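Worksheet: the structure to be examined is printed underneath.
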Amino acid sequence: MLDHFNRYFGIQYPLPKLDHIAIPDFAAGAMENWGAITYRETALLVDEENSSAGTKQIVATIIAHEMAHMWFGDLVTMTWWDDLWLNESFASWMGDKITNEVFPEWEMWTQFLTSDTNEGLTLDGLRNTHPIEQEVSNPSEIGELFDAISYSKGASILRMLEQFLGEEIFQCGLHDYLDSNAYANAKTRDLWDALGKASAEPVAQIMDTWTKQAGYPVIDVDITRESSIELSQRKFLYEQILEPNDQGNNELWQVPINIKREGEDGDKTSVLITGKTQTVCIPSSIPKTNWVKVNYLQTGFYRVNYSSEDLERLSIPIKNRSISAPDRIGIQNDAYALSRAGYIQGTQFLAIAKAYKGEDNASVCSDLAANLADIDSLLWDQPYYNDFTNYAKDIFHDTADSVGWTPKPEEGHLDSLLRNTVLAQLGKYGDDKTLAEAVTQFAMYTKDNSSVDPDIRRVVFNLAAKRGDGSTYEEIWNQQIQTDRQEEKLRLITALTNFSDIPLLEETLERSLSKHIRYQDAITVVALVARNRFGQDVAWEFLKENWKEYDRRYGDGGFAIMRLATIPSNFTTGEKFDDVSKFFSDNPVPAAHRSVLQSLEQIKLNIAWLKLNEESLSRWFST
C-alpha cells in the first residue's frame with residue numbers, strides 16, 4: 001500500500017519507518033500516530049487459518065485508512081477542529097481507493113456505498129445533524145464530530161467531486177494541496193483553491209454548498225417521455241414524516257448529476273444543477289416502457305425520488321441485473337429512505353424490494369438486508385410480523401440455496417461475504433432448515449474448531465445461539481474464555497447477544513461488565529442485545545441501572561459514549577420516548593449531547609412511520 005500512496009500523492013512517505021502496533025484494549029479502532037500507528041487487535045492481526053474474508057477486508061481497509069493519515073493529518077494538519085473532515089474524510093476515501101488498487105476483486109467502490117455513502121445519508125437526513133465544517137468552541141464538542149458526517153459524508157462528497165472533475169485533475173489538485181501545506185496547517189478553502197486551480201472549475205462555489213450547510217437534497221424526477229427530463233431539488237429530511245411541508249426549500253446545493261437511459265451503451269447525460277429546478281435535454285425521446293436511472297453509478301450524495309410508475313419500471317433491470325450493482329443499491333436505498341421520511345408509502349419500498357429476489361451481489365444483498373432489518377425492528381409488535389418474516393425469507397432463499405454452506409474451490413472474496421449475508425438473513429427470519437444446520441455445525445465446532453470454515457463461524461455461532469439453551473450458552477462462553485484469538489473471541493461474545501431466552505440475555509449483560517470482557521467490547525454487547533427482539537427492553541433497563549459504571553468508563557467522550565446514547569433509538573412508542581428523554585435529562589451526557597438528540601428524534605420518526613404505514617402494511621401483507 002505504501003508504494004501506491006507514494007505514487008498517487010507524488011510525495012514520498014518522509015519517515016525512516018512505519019510501525020503498526022496492536023493494543024489489547026483500545027477505545028478507538030486505530031490511531032494515526034506519525035510513524036507508529038496503533039490498532040485494536042481485531043483491526044490489525046490476521047490468522048491465515050482462522051481469519052474470515054470479512055476480517056481480512058476490515059484489516060486491509062483500516063490499515064489503508066491509517067496510512068492515508070500519514071499525509072492527511074500528519075504531513076498536513078487541519079488548522080482547527082472545525083476542519084476535522086480534512087483528516088477523516090480523506091482517510092476514509094483514500095483508504096478505499098488504495099484498497100481497491102491492491103484488491104480490485106473486492107469491488108470496494110460498490111462496498112463504499114454501504115459503508116460510507118449510505119451511512120452519511122442516514123445521519124445527515126436527521127434534523128440533529130451538523131455541517132461538515134462545524135464550528136468548535138469547547139472540548140466537549142470535539143468528540144461529537146467523530147461521526148458519519150466527518151467520516152462518511154465527507155468521503156462521499158470527495159468521491160462525487162472527483163467524478164465531476166475527473167480523476168487525473170483531482171489527483172493533480174491533491175498533490176498541489178499537500179505540497180503547498182506540507183509540515184503546516186490547512187483549512188478547507190486551501191483544498192478547494194488547489195482543486196479549483198487544477199480544474200479551472202469554481203470548486204469552492206460548488207463545494208461550499210456541501211460543507212457549510214447541513215443536509216443534502218432529494219432530486220424529484222419528472223420524465224416527460226419527450227426529449228427532456230425535469231429535475232428539481234429540495235432538502236431531504238426524515239422529519240417530513242412528522243409534519244409534511246416545504247421546509248428547507250431555501251437551501252440549495254450545486255449538484256453534479258449523471259443520468260443513464262435504457263438502451264444507452266456506456267453513454268450518460270451529465271449536468272450540474274445550481275438552482276431549484278432544471279430541464280435536462282437529452283438526444284431523443286424516451287419510450288414509455290423504458291427505464292431511466294438518475295445518479296448513475298451512485299456517485300452523488302443525494303436521494304432520487306421517481307414517480308411510482310418510473311420506480312416500477314426500474315424493477316425490470318433489477319430482476320435481470322442488467323443495471324449495475326451500485327445502481328441496484330441506490331434504487332432500493334433511496335426508496336427505503338423516502339418511505340422512512342414519508343415521501344412515499346412503505347409498501348412501495350417493499351414492492352421494489354421483491355425485485356431483488358435471487359440477487360447475487362454481496363454488497364447489494366448486504367444493503368438490502370440492513371434496510372429490511374430496520375423494518376424488522378419496527379414491526380416486532382405488529383400482528384403481521386410473521387408475514388413480514390416470510391416475505392424477507394422469500395427474498396433471500398434462492399440465493400442461499402445457490403451459495404450453500406460449503407465454499408466452492410473457484411469462489412472468491414465476495415462469494416464469502418455473500419454467503420455470510422444470505423445465511424444470516426434466513427436464520428434471522430426463522431428459517432428452520434438454516435437454524436438446524438447452524439446447530440449441527442456448532443456441535444462439530446465444539447469437538448474440532450477447525451471443522452467449521454472461518455468464513456461462516458460468525459453465522460454458525462449467532463444462529464446456534466438463536467435456538468440455544470443454557471448448555472449452549474455455557475459452551476459459547478467457555479469457548480470465548482479459552483481462545484487466545486481476539487477475532488474468535490469477539491465472534492463468540494457476539495453470539496451471546498443472540499439468544500431468545502431473556503434470563504440468558506440478562507446474564508450476558510451482567511458478564512459484559514466483568515473482568516472477562518474488555519472495556520472496548522462491553523459497548524458492543526449491550527448494543528447488540530438492544531438489537532435483539534427479545535433483548536431491547538432488557539438492554540435499556542440494564543443500561544439505566546448501570547449508568548454510573550458506563551459513565552465512569554466512557555463518559556469523558558469518544559465513540560463509546562456516543563454509541564451508548566444511540567442504543568434506545570429503535571423504540572417505537574411514546575412511553576419509551578418519555579422514558580429515554582427523562583433519563584438523559586436526569587443524567588446529562590455533554591460529550592454525546594447530539595447523539596442523545598438523534599436518538600430521541602429517531603424514536604419520534606419510528607412512531608410516525610408506524611402510524612402512517614400500519615394500515616397499508618396490514619392490507620399489503622394480507623394480500
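Laid out as a table, the results:
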quantity: Chain lengthening between Ser285 and Asp448 when straightened (0.36 nm per residue, less Cα-Cα); calculated: 52.3 nm
quantity: Cβ charges +1 (Lys, Arg) and -1 (Asp, Glu), total dipole of the chain, debye; calculated: 660 debye
quantity: Relative packing of peptides 349-362, 136-149 - highest average C-beta neighbours within 10 Å first; calculated: 349-362, 136-149
quantity: Solvent-accessible area, 1.4 Å probe, carbon plus sulfur percent, for the chain; calculated: 48 percent
quantity: FRET efficiency, 1/(1 + (r/R0)^6) with R0 56 Å, evaluated for Asp387 and Asp484 via beta carbons; calculated: 0.80
quantity: Full-stretch length increase - Arg533, Glu168 - with 0.36 nm per residue and alpha-carbon distance subtracted; calculated: 126.5 nm
quantity: Of Ala64, Ser284, Asn587, farthest towards positive along the dipole that unit charges on Lys, Arg, Asp, Glu beta carbons give the chain; calculated: Ser284
quantity: Residue-by-residue Karplus 3J(HN,Hα) for the stretch 10-19, coefficients 6.51, -1.76, 1.60, Hz, glycine and proline x; calculated: x, 9, 5, 4, x, 8, x, 8, 9, 8
quantity: Efficiency of FRET from Cβ geometry, Thr566 and Ser270, R₀ 45 Å, rounded to 0.05; calculated: 0.75
quantity: Trypsin sites (Lys or Arg not before Pro) restricted to DSSP loop in the stretch 8-112 with at most 16 other C-beta within 10 Å; calculated: Lys17
quantity: Distance between the stretch 191-249 and the stretch 36-106 - C-alpha centres, whole angstrom; calculated: 29 Å
quantity: 1.4 Å probe accessible area per residue over the chain, in Å²; calculated: 40 Å²
quantity: Most to least packed among 291-301, 179-189 [average Cβ atoms within 10 Å]; calculated: 291-301, 179-189
quantity: Euclidean distance between Cα centres, the stretch 109-181 to the stretch 435-503, Å; calculated: 38 Å
quantity: Estimated vicinal HN-Hα couplings, Hz - the stretch 206-221 in sequence order (Karplus 6.51, -1.76, 1.60; Gly, Pro = x); calculated: 5, 7, 4, 5, 9, 9, 9, 10, 6, x, 7, x, 9, 9, 7, 10
quantity: Proximal aspartates and glutamates to Lys197, defined as alpha-carbon separation beneath 20 angstrom and excluding residues fewer than eight positions away on the same chain; calculated: Glu162, Glu167, Glu168, Asp176, Asp179, Asp208
quantity: Radius of gyration and maximum dimension Dmax of the stretch 1-138, Cα, Å; calculated: 15.8, 49
quantity: 14 Å reach of a label modelled at Trp80, 7 Å along Cα-to-Cβ, counting backbone N of the stretch 175-212; calculated: 186-189
quantity: Pairs beyond 31 Å (Cα-Cα), from Lys56/Lys433; Lys212/Lys604; Lys260/Lys611; Lys212/Lys354; Lys97/Lys548; calculated: Lys260/Lys611; Lys212/Lys354; Lys97/Lys548
quantity: Nonlocal amide H pairs with Val304, under 5 Å, H built at 1.01 Å; calculated: Ile219
quantity: Whole-number percent relative contact order across the chain, with pairs defined as alpha carbons under 8 Å at least 6 apart; calculated: 12 percent
quantity: Straight-distance crosslink candidates among aspartates and glutamates, where the alpha carbon sits under 13 Å from Lys447 and sequence neighbours closer than 8 are dropped; calculated: Glu475
quantity: Rounded to whole Hz, the Karplus (6.51, -1.76, 1.60) HN-Hα couplings of the stretch 556-563, x for glycine and proline; calculated: 6, x, x, 4, 4, 5, 5, 5
quantity: Binned Cα-Cα distances of the stretch 500-623, short to long, each 10 Å bin given as a whole percent; calculated: 12, 41, 31, 11, 4, 0
quantity: The chain - convex hull of the alpha-carbon atoms, volume per residue in Å³; calculated: 154 Å³
quantity: Residue among Ile481, Ile219, Asn498 farthest towards the positive dipole end of the chain, charges placed on Cβ; calculated: Ile219
quantity: Equivalent ellipsoid, the stretch 197-333 (semi-axes from 5 times Cα gyration tensor eigenvalues, Å); calculated: 25, 19, 15
quantity: Selected from Ile456, Thr472, Ala443, residue furthest toward positive end of dipole (the stretch 438-509; charges at beta carbon); calculated: Ile456
quantity: For the stretch 168-293, size of Cβ-based charge dipole, Lys and Arg +1, Asp and Glu -1, in debye; calculated: 120 debye
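The values are calculated or read from the model by the stated rules, or taken from the named source; none is laboratory data. In this text the structure is predicted, and so the values were computed from the model without any measurement. All Cβ positions, even for glycine, are placed from backbone atoms using ideal geometry, and neighbour counts span all protein chains on display. Ligands, DNA and RNA are excluded from the accessible area calculation, which covers all protein heavy atoms including side chains. Shrake-Rupley method; radii C 1.70, N 1.55, O 1.52, S 1.80 Å.
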